[in-house]
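> One structure coming up, written as C-alpha cells, with questions to follow.
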Amino acid sequence: MPLIGHHMSIAGGFERAVERAQAVGGDCVQIFSKNNSQWRARDITEHEVLRFRNALETCAIAHPIIHASYLINLASPDRELRHKSIDALVVELQRGARLGIPHVVVHPGAHTTASEKAGLKNVVRAVNEIFRQTRRVACSLLLETTAGQGTALGWRFEQLAAVLQGVREPERLGVCFDTCHVFAAGYDLRSPSAYEKSMADFARVVGWSPLRAVHLNDSVGALGSRLDRHAHIGYGKIGRRGFRLLLRDPRLAAVPMYLETAKGERDGEDWDVINLRALRKLSPRVARS
C-alpha cells in the first residue's frame, strides 16, 4: 500500500504537525515551514529541530515535505517579485535542510502579462539562481503540476519538461503530481484506458524518475475546466474509480502521497480520517502492516 498522509498545520510547533498526522492515521506529512501569507520567516531554533525530528521518530511518520508559499511566482515578468520569490525559495530550501526535510514543493508560477515562453524562461533562470545559492543545501525542489487557472504554468506536462530540461542541475529538481490539477488541466484519470493514456503521456514527456510526491485531491471542476478547487475523495469529478487506479498503479507504489483536502468534520468525524479511510479501501491492501 502506498504511504498516504496529509498537509498539517504547524500551529504550536513543527512537532504538532507530526502529532496531528499520527492522530488521523497518516503515514507521512506535508507542512508549510512558516506563515503562508507572509514573505518573512523567523529562524528555526535547534530546539525546534530536535522536537520535530523526535516527533517523526516517535510517531513513525515518514517522508515529511514542505509546501512553499503561494506568494512565490518564479515565472513573473516583474523583476522585483521574481527576485523576492527566488530569495523566499532559497530560505525554504535552507529551512527544509535544517529540519531534515528532503523536498520543497512549489508551483512554477504565472506568466501574467508575458508570454508562456518568456514565463518558462523566467522559471528556468530562477531555479538556476536558487540552486546556485544553495549548492551545499541538502534539500531539492519539486515543481507541482497545476490546473492552469489564469496564466499559471505547469498545467501541461510539456511545460514541466521544458523546465526540467532547461535547468543546469536537473538532478536537484523533481515533480509533484496533483490529481485535481492534472484532471482539471485535461488529463483524464477516470477509466482504465483514460488513466493509462494520461500516465503514458506523463511518462513520455516528463518521465517517472523526477516524480517524488503525489497530492491526492478530488476535483470540483470538470475535466479540462482548469479550475483549481479541491474536493474530498469521491465527492468530486474524478471519483473513487480514478483514485483506485492511481493507488493500485505499481509505478507509484513507492511515491509518498499527501491529501490537501479541506479540514473540518462530517457528522462529527474528521474529514482527514474520512478521506484517508476512503483511500485505504481503494488501495491494494486495506490493512496496514
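> Going through Ser225, Ser193, Ser219, Ser198 one at a time, which residue ends up being hydroxyl-bearing (Ser, Thr, Tyr) and farther than 16 Å from Thr145 by Cβ?
Working: Ser225 fails: farther than 16 Å from Thr145 by Cβ; Ser219 fails: farther than 16 Å from Thr145 by Cβ; Ser198 fails: farther than 16 Å from Thr145 by Cβ.
The match here is Ser193.
> Name every residue in the range 22-68 that is surrounded by fewer than 21 Cβ atoms within 10 Å (Cβ to Cβ), among the small types (Gly, Ala, Ser) and not in a helix (DSSP H, G or I), in order of residue number.
Hits for the range 22-68 are Gly25, Ser37, Ala41, Ala60, Ala62.
> Okay, moving on. How many residues are out of contact with any Lys or Arg (no Cβ under 9 Å at 6 or more places or on another chain) and either part of a helix (DSSP H, G or I) or within 23 Å of Ile66 (Cβ to Cβ) (or both) if we restrict to the range 245-266?
12
> How many residues, within the range 69-87, are farther than 17 Å from Arg132 by Cα and in a helix (DSSP H, G or I)?
Going residue by residue through the range 69-87, those that are farther than 17 Å from Arg132 by Cα are 69-73, 75-81.
Now restrict to residues that are in a helix (DSSP H, G or I): 79-81.
Total satisfying the criteria: 3.
> Taking the range 153-168 as the search range and keeping residues that are surrounded by fewer than 16 Cβ atoms within 10 Å (Cβ to Cβ) and not acidic (Asp, Glu), which one is farthest from Ile101 (Cα to Cα)?
Ranking the candidates gives Gln165 first.
> Residue by residue through the range 4-21, note down the ones that are buried (at least 19 other Cβ atoms within 10 Å of the Cβ) and in a helix (DSSP H, G or I).
Residues satisfying the conditions are Phe14, Glu15, Ala17, Val18, Arg20, Ala21.
> Something else about it: Could you tell me how many of the residues in the range 53-87 are more than 15 Å from Val29 (Cβ to Cβ) and without any contact (Cβ under 8 Å) to a residue 40 or more places away in the chain?
Selection size over the range 53-87: 12.
> I'm trying to understand the selection: among the residues of the range 140-152, which are closer than 17 Å to Ser85 by Cβ and surrounded by 21 or more Cβ atoms within 10 Å (Cβ to Cβ)?
Leu141, Leu142, Leu143, Thr146, Ala152
> Looking at Ala75, Ala55, Ala62, which one is in contact with a Pro (Cβ under 9 Å, 6 or more places away or on another chain), of a type in the set (Gly, Ala, Ser) and over 25 Å from Ala161 (Cβ atoms)?
Only one candidate qualifies: Ala62.
> Mind listing just one residue for me: the one in the range 238-280 that is basic (Lys, Arg) and loosely packed, with under 13 Cβ neighbours inside 10 Å and, of those, farthest from Val24 (Cα to Cα)?
So the residue we want is Arg251.
> Out of the residues in the range 185-202 that are among the aliphatic types (A, V, I, L, M) and either in contact (Cβ under 8 Å) with a residue 24 or more places away in the chain or in contact with a helix residue (DSSP H, G or I) (Cβ under 8 Å, 6 or more places away or on another chain) (or both), state the one that is surrounded by the fewest Cβ atoms within 10 Å (Cβ to Cβ).
Once the filter is applied, the top-ranked residue is Met199.
> Sticking with this structure for a sec: Out of Val182, Val106, Val90, Val175, I need the residue that is closer than 23 Å to Arg42 by Cα and without any contact (Cβ under 8 Å) to a residue 40 or more places away in the chain. Which one?
Going through Val182, Val106, Val90, Val175 in turn, the sole match is Val106.
> Name the residue that is nearest to the chain's Cα centre (by Cα), counting only residues in the range 207-230 that are in a strand (DSSP E or B) and either of a type in the set (D, E, K, R) or surrounded by fewer than 18 Cβ atoms within 10 Å (Cβ to Cβ) (or both).
Filtering first and then ranking leaves Arg212.
Read-outs: derived from the displayed coordinates by stated rules, not from any lab. Given the structure is predicted, the values throughout are model-derived calculations rather than measurements. FYI the Cβ positions are ideal-geometry reconstructions off the backbone, even for glycines, and counts take in every protein chain you see.
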